[in-house]
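The values are calculated or read from the model by the stated rules, or taken from the named source; none is laboratory data. As the structure is a computational prediction, the values presented were derived from the model and not from experiment. Heads up, the Cβs are rebuilt from the backbone with ideal geometry, glycines too, and the neighbour counts pull from every protein chain shown.
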Amino acid sequence: MKASEIKKGNVVEHNGRVWQVRDIERSSPQGRGGNVTYRFTMYSVPGAQKLDLSLRAEDDLKETELARRAANFSYLDGDTFVFMDAEDYAQYLLGRDAVGEAAGYITEGLEGCYVQLIDGQPVALQLPPSVTLEVVDTAPELKGATATKRPKPAKLSTGIEIQVPEYIRTGEKILVSTLTGEFSGRA
């Protein structure tokens with residue numbers, strides 16, 4: 001398909017790899033006879049490596065069918081994350097390379113995930129916007145602390161560490177944004 005026809009969210013092939021288009025900037029030249037160019041911000045599937053690509057309107061990109069299936073996390077088998085399709089209970093196996101940093105947000109029975117498939121093969125994972133994780137280690141709240149709420153580091157049940165407000169205690173369940181990796185409230 002022509003570069004001018006591509007929309008955000010499309011999945012395309014470029015240099016033998018698969019990319020998902022996240023952002024498109026269109027620029028029109030001021031002079032006559034200039035070509036309209038499109039600047040695509042794309043992320044590789046799997047792996048989420050960023051690529052900026054500029055193309056002319058008539059340049060071709062091959063669109064790839066990417067299927068999304070609602071799935072829930074079942075269990076970890078060694079280094080393989082096993083997800084189950086929410087509708088037909090098919091199992092999808094994703095290695096650590098495909099899951100990447102998302103591994104820090106995956107807990108037993110996590111629902112609301114989407115497994116992305118190309119030609120029936122699972123290649124990437126899309127997490128829900130936020131997940132509930134347990135604080136396994138954080139410093140106690142300082143008695144007599146001033147009213148300013150300074151964040152403090154907290155280690156979570158999946159092994160990741162984030163900044164949390166002072167009032168959060170070890171053992172509490174909190175909501176963490178999977179987009180920013182930040183604390184977003186008590187669960």
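Computed values, structure above
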read-out	value
Considering residues of segment 146-178 that are within 23 Å of Glu108 (Cα to Cα) and of a type in the set (Gly, Ala, Ser) only, the residue farthest from the chain's Cα centre (by Cα)	Gly171
Check on Lys62, exposed (fewer than 11 other Cβ atoms within 10 Å of the Cβ), in contact (Cβ under 8 Å) with a residue 60 or more places away in the chain and under 21 Å from Leu117 (Cα atoms)	yes
Selection count, segment 165-187, where residues are among the β-branched types (Val, Ile, Thr), modelled with pLDDT under 95 and surrounded by 15 or more Cβ atoms within 10 Å (Cβ to Cβ)	2
Counted residues, segment 114-144 - those being of a type outside the set (S, T, N, Q) and at pLDDT 95 or above	6
Total residues in segment 85-102, condition surrounded by 17 or more Cβ atoms within 10 Å (Cβ to Cβ) and either modelled with pLDDT of 90 or more or within 13 Å of Phe73 (Cα to Cα) (or both)	4
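Results for (1) of a type outside the set (Lys, Arg); (2) out of contact with any strand residue (DSSP E or B) (no Cβ under 7 Å at 6 or more places or on another chain); (3) modelled with pLDDT under 90; (4) closer than 11 Å to Ile6 by Cβ, shown as yes or no for each residue.
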{"residue": "Arg17", "(1), (2), (3), (4)": "no, no, yes, no"}
{"residue": "Gln30", "(1), (2), (3), (4)": "yes, yes, yes, no"}
{"residue": "Thr41", "(1), (2), (3), (4)": "yes, no, no, no"}
{"residue": "Leu53", "(1), (2), (3), (4)": "yes, no, no, yes"}
{"residue": "Glu58", "(1), (2), (3), (4)": "yes, no, yes, no"}
{"residue": "Glu63", "(1), (2), (3), (4)": "yes, no, yes, yes"}
